[in-house]
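Structure, as structure tokens:
The values are calculated or read from the model by the stated rules, or taken from the named source; none is laboratory data. The structure displayed is predicted, hence computed values, not measured ones. Because the Cβ atoms are built from the backbone with ideal geometry, glycine has one as well, and the counts that use them run over all protein chains shown.
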């Protein structure tokens, strides 16, 4: 009964989404509020139906209803409780229904917030969101139905992909999908602005917080994905330029560019065409990333199995791009800038260069990701584009972006005078040079690492200088130090929230630089009682043991580790799942602020007298996760309403 009920709800939701999109467009075209109200009711119905169908799928997983094909393929009787829930979105069909539910939730919030605030744009934005919703529900009902029956019903299921049995499955897909689907809102309002010809700053003001929220969730998804990769996959890293990692990183880059360039449009009435193009590009890249993940055209530990939805996503992406380009061509004259660039040495130029670098990085990642696919399609030869290509092209761009993080917020609008440059940048540059000398004296010999760290010090100094000047001005007005600082954050939270986000990015950059420059590793084979040393740690192999869990068997290696303190025990393992032909690494690690110790069990003899172990001392990786927390604080500050003194 559950499969038929769930599928029926999705079919009704599809009809409501299509009807709502048509009614909302008719309301926007004729100006009749009744049509728009009917579309709103349809959207509410879509949300309710997808919520109920999603709940039914969760119930099917919790009750081991193996009559549902998707349940049988992604859980079994030994699957722990929480992984039965995360298994709902652990593969193709469930991830699409989660995606659709989040999109329906965003649509509901748009209705509640904007039905009275943007009467001209709102009907068309609702049309776009419902049309996109209809596409995803079509996927659920045609290409990847989550409620298809399985006959005969098996006594047990196949089980979840073992790599997904991790707490990161609770947070990583949720955050990533909230970011992907969140960019639908600014895209919908951008299309609405093009359709209506209302191309002033209204649509930007309406979607600023939406864009920041989507960008934050995408950032959070990337960071959690890095943590998942770090502690689950057993290779000791957090970013591998994997194609699916790249698919999420590309819209992050273009979304970051949009968040910066809208400030130029708000201040100088410039870059209208550029900003709308960035929103369209960002949304298109979310669709492209979904296509990569779910089409089966790439091999990745993140990718789902081969599905039949690739051609549908590619066709929808082509439709979105063609419609968007047609609207841009239609409104070309209205998108001309009202202001002009007065000087190369100005805040506008710094932000524009920042945008060019971000888009260049996005293009580089796109090219490196799709080139193997193009090569195989055209020449029939498989090629690989690995980390050396991405690093060699993108590291200079990222260093340039860090530098511009310090220049952009302090350099003057229109034209920067020599006095402006001297007052704002001489001190931070000196601090950056001193920082470089200190790092060199501390033993940092990599020129790239010294440059990266010096740039982060320079940018931190510019942020500190700006905040101190603003605080000092309030102190001169008679305020004490703490109220002066908190008052700045409350009344100018958009500016200083952005600064805190920049600090988070700087901390992440320090973590990435340190982990790449100073981490060490070795792989060695030890007999029982033998030891290996690395980075001040002594690792002694004690024994091997076998253990049985609810849905897999484990071989556990016990190692005694000492580093000048009391010895402690670490137990890396290999996990053997019935549905997998190869064992899965069970990493053991110590997490510290300065460094992490990371053990991975390799091959071993059947008598348990000898084992291979990979030992890694990963330095400053924890700093990356701390940077994510700082970024979170900055985002919260940025989206809070600004407090202004009454006139």
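Quick look at the numbers
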{"quantity": "Close pairs (9 angstrom Cβ cut-off, 6 or more residues apart or separate chains): farther than 17 Å from residue 515 by Cα in segment 220-242, modelled with pLDDT of 95 or more and not in a helix (DSSP H, G or I) anywhere", "calculated": "none"}
{"quantity": "Enumerated helices (runs of 4 or more DSSP H) restricted to segment 402-498, each holding at least 3 residues that are crowded, with 20+ Cβ neighbours inside 10 Å and in contact with a helix residue (DSSP H, G or I) (Cβ under 9 Å, 6 or more places away or on another chain)", "calculated": "418-441, 447-476"}
{"quantity": "Options 636, 600, 569, 621: the member that is over 19 Å from residue 168 (Cα atoms) and surrounded by 21 or more Cβ atoms within 10 Å (Cβ to Cβ)", "calculated": "600"}
{"quantity": "Sole residue being out of contact with any strand residue (DSSP E or B) (no Cβ under 6 Å at 6 or more places or on another chain) and farther than 30 Å from residue 498 by Cβ, chosen from 329, 361, 350", "calculated": "329"}
{"quantity": "Matching entry among 395, 402 (being within 25 Å of residue 362 (Cβ to Cβ) and touching a residue at least 60 places away in the same chain (Cβ under 8 Å))", "calculated": "402"}
{"quantity": "Segment 217-242: number of residues that are part of a helix (DSSP H, G or I) and under 26 Å from residue 619 (Cα atoms)", "calculated": "15"}
{"quantity": "Qualifying positions in segment 154-165 - in contact with a helix residue (DSSP H, G or I) (Cβ under 8 Å, 6 or more places away or on another chain) and more than 30 Å from residue 234 (Cα to Cα)", "calculated": "154"}
{"quantity": "Flag for residue 118 being farther than 13 Å from residue 20 by Cβ and in contact with a helix residue (DSSP H, G or I) (Cβ under 9 Å, 6 or more places away or on another chain)", "calculated": "yes"}
{"quantity": "When residues of segment 148-173 are limited to those that are in a helix (DSSP H, G or I) and touching a residue at least 60 places away in the same chain (Cβ under 8 Å), the one surrounded by the fewest Cβ atoms within 10 Å (Cβ to Cβ)", "calculated": "170"}
{"quantity": "Residue satisfying condition, being part of a strand (DSSP E or B), outside the structural domain of residue 205 (by TED's automatic domain parsing) and closer than 21 Å to residue 539 by Cα, within set 614, 575", "calculated": "614"}
{"quantity": "Unmet criterion (only one of (1) free of Cβ contacts under 8 Å to residues at least 12 places away in the same chain; (2) in a helix (DSSP H, G or I); (3) over 19 Å from residue 259 (Cα atoms)) for residue 328", "calculated": "(1)"}
{"quantity": "Counted residues, segment 23-75 - those being without any contact (Cβ under 8 Å) to a residue 60 or more places away in the chain and under 13 Å from residue 156 (Cα atoms)", "calculated": "2"}
{"quantity": "Subset of segment 360-371 (residues that are in contact (Cβ under 8 Å) with a residue 60 or more places away in the chain and farther than 19 Å from residue 256 by Cα)", "calculated": "368, 369"}
